[in-house]
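Here the structure is laid out as structure tokens; the discussion comes afterwards.
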Amino acid sequence: MQQLLSQLRTLPSYQQVLSELTAHKQVSGLGLPRATRLPLLAALHADVNQPILLITDRADHALSMFDELGFWVKSPRYLFAEPNPLFYEDAAWGVTTRRERLQTLTVLSTFHLPFTKKPETPPIIVASVRSLMTRTLPRRDFLKACKKLSVSQNHQPDSLMREWARIGYQRVNTVLEPGQFSGRGGILDVWAPTELNPVRLDFFGDEIETIRSFDPASQRTLEKLENILITPSREFLADTTDSEAQLSEFHIPLLHQQPASLLDYLPQKTLVLVDDGSLIEVMANEVEEQAVKFRQESIKEGTLAESFPVPYVPWSELNDNLSEFVHLELGHSTEAEIEIPLASHFGHDERFGGRLKPFIDYLAPIVDGGEQVFIVSRQAQRLRELWFEHYPDSEHTNLEFTEASLSEGFTLKDQSL
């Protein structure tokens, strides 16, 4: 799809938007069709070379956009997941939710930690409004809890294990899952939630002699490492004297009085893209209204203390914080009349609802006319076969078939998708 993105980037209206963003000017909403928003994000990511946060209204929209984004960019992308429990509901988050959120916080922390290497390619993060509102571990506390362990460093194994327990790791006999650690003699095993595999630290006295990643199933060494970054295994910190069984993410506002959100972790030059401002505003209001109602009911039932802190950052406050970043709405709510809007270069094509033969017939005159056409479908192979069944002598170089899935297609000037 690089050819299509290159064509998009040559549009004067795109270059105008890019110029205003790089000059830190306020840009009106673009009013783009939904199918064209991720290609624009991909083009901007290549040009601004900075982290990008995409905010959308609902968790299902965030997930679908995160999945589809993989078609347009090969850069690291992260889903800042939305926890299942409601605000004020005393329930732990799921393992996948924890891991996805911690992966996001960890990659953003590398921009603030002096002893870590920043990503070669800036990350792209997708978040729903409720995931953004959910309070997290304050950035200062998260950074202080991160520790880089290197070969030849001196550390007391017992001290490391106490610290790992404090930042959320569970001591077990054998490490089988992220967030666990074990110790036996001069060997410590630990699996950071953001790592694909656990690591084994071999000590000679208090000196780390070797660090190796290993396969938890076979226990075989996968790779020798010079260092490893240990990060918190949950979004709250607690003294090891506290009962682990009684603590969950529900207690974040009790354990950390300073409200914090994902925005606190973003590097200053992050580009924030808002999917649809009006829909996000509506969703944020619904979330807050639901939270207030649930709080009142829980206090009345005696399941929540009246003094319990607010477990979320209000959208009005987050909205104010967004003004600290260069941000742009992809949708319509802040759209303004401009001479040649970027949205005018995009259009919708006909829909065929799975009818392949009419689609092939529709395609033929477009391809014969010389327009560049990209067919993206899970049935790409079948469509290719149908095309050559009907046009066996076709030698068109302006037609490409790609096995993938997109929510819908669009047209761009003289190119069709």
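The values are calculated or read from the model by the stated rules, or taken from the named source; none is laboratory data. Note that the structure is predicted; figures quoted are calculated from it, not measured. Positions of Cβ are generated from backbone atoms using ideal geometry, with glycine treated the same way; all protein chains shown enter the neighbour counts. For the accessible areas, the whole protein counts, side chains as well, though only heavy atoms, and no ligand, DNA or RNA atoms are used. Shrake-Rupley method; radii C 1.70, N 1.55, O 1.52, S 1.80 Å.
Assorted remarks:
- Extending 7 Å from the Cα toward the beta-carbon at both E371 and N154 defines two label points whose distance is 7.3 nm.
- The chain: relative contact order as a whole-number percent, Cα under 8 Å and 6+ apart: 21 percent
- Centroid-to-centroid, using Cα positions, region 179-238 and region 281-310 are 40 Å apart.
- On full extension, the segment bounded by K147 and E163 gains 4.8 nm, given 0.36 nm per residue less the C-alpha separation.
- Between the residues L318, L363, A238, the greatest Cα displacement towards the positive end of the dipole of region 234-370, with unit charges on the Cβ of Lys, Arg, Asp and Glu, is found for L363.
- Pairs from the table (K117/K269; K118/K269; K74/K224; K147/K224) lying more than 23 angstrom apart at Cα are K74/K224.
- For region 277-316, the fraction of C-alpha pairs more than 12 angstrom apart is 63%.
- Rounded FRET efficiency, nearest 0.05, which uses the C-beta distance separating E209 from H112 and R0 of 30 Å: 0.50
- Under 5 Å, built H, 5+ apart or other chain: amide partners of R171: F181
- With a 1.4 Å probe rolled over the protein heavy atoms of all chains, the accessible area of Y312, Y362 falls in the order Y362, Y312, largest first.
- Straight-distance crosslink candidates among aspartates and glutamates, where the alpha carbon sits under 20 Å from K148 and sequence neighbours closer than 8 are dropped: E120, D158, E163, D189, E195, D202, D206, E207, E209, E223, E226, E235
- Taking every DSSP beta bridge that has both ends in the chain, the antiparallel portion is near 50%.
- Overall, the ratio between the Cα radius of gyration of region 1-114 and 2.2 N^0.38 Å, rounded to two decimals, is 1.25.
- For region 103-172: rounded, prolate or oblate by the Cα gyration tensor [a/c cutoff 1.5]: oblate
- Whole-Å distance, taken between Cα centres, linking region 1-47 and region 90-161: 30 Å
- Between the entries [x] 33, 28, 21; [y] 40, 24, 19; [z] 44, 28, 20, the label attached to semi-axes √(5λ) of the Cα gyration tensor in Å calculated for this structure is [z].
- Under 20 Å from K300, Cα to Cα: aspartates and glutamates that are on another chain or at least 8 residues apart: E89, D90, E288, E289
- For the set M283, M65, the ranking by accessible area, highest first and with no ligand, DNA or RNA atoms included, is M283, M65 under a 1.4 Å probe.
- The residues R77, R34, sorted by heavy-atom accessible surface at 1.4 Å with ligands and nucleic acids left out, run R34, R77 from largest to smallest.
- Against the empirical curve 2.2 N^0.38 Å, the C-alpha radius of gyration of region 155-270 lands at a ratio of 1.18.
- Peptides 88-101, 258-271, ordered by how many other C-beta atoms sit within 10 Å of their residues on average, highest first, read 258-271, 88-101.
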